[in-house]
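*Asks:* Dropping a structure here in structure tokens format, bear with me for questions.
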Amino acid sequence: MRFTNSFIFLSIFFSLNFWCLYVSAQGQYICPGPSIPEGYVITKLTSGNCGAFLIQQYIEPVKDGIEICFGSPLPNGYVITRLNANGCGGVGRYIEKPRNGMVICRDSPIPQGYVVTRVIPNGYGGAGQYIELLIGGR
């Protein structure tokens with residue numbers, strides 16, 4: 001009997017732990033205020049009861065080609081390639097890993113090894129920047 005109870009307890013314990021790991025790997029809701037964990041971005045805002053706050057933030061692991069909320073940290077190694085006025089609380093930003101010959105938004109950082117070779121005044125939130133990879137220092 002004692003072995004059975006211990007086995008049941010351990011089964012439940014491990015199941016709950018793996019469920020928690022799965023949820024955090026997929027994304028989770030948090031209240032505004034604390035810093036966003038490293039490697040995560042805010043992808044959605046919803047109404048909810050978070051103490052003094054009336055919204056909740058949904059965070060997910062960062063990946064290439066994801067829309068994030070304005071105010072979400074921009075992870076190292078990513079650039080902003082599109083703005084969405086209807087996204088995430090009024091301003092969504094689409095982020096990607098940089099590639100040679102892509103257009104990025106004006107407020108996006110210029111990735112190391114890339115240079116701006118052209119400015120496009122009509123796109124990407126008022127001014128896009130065409131970036132190219134520097135090869136051999138040129």
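*Asks:* Under the 0.36 nm per residue contour assumption, what length would be gained going from the current alpha-carbon distance of residue 118 and residue 53 to full extension? Display every interim value, and only then the final one.
*Replies:* Numbers: separation 65, 0.36 × 65 = 23.40 nm, distance 4.27 nm.
Separation in residues times 0.36 nm, less the Cα-Cα distance, equals 19.1 nm.
*Asks:* Cα atoms only, region 27-97: Rg and Dmax in Å?
*Replies:* Every Cα atom of region 27-97 included, Rg and Dmax give 11.8, 36 Å.
FYI, it's all coordinate maths here, none of it is from the lab. Predicted model, so just to flag it, every value in this text is computed and none were measured.
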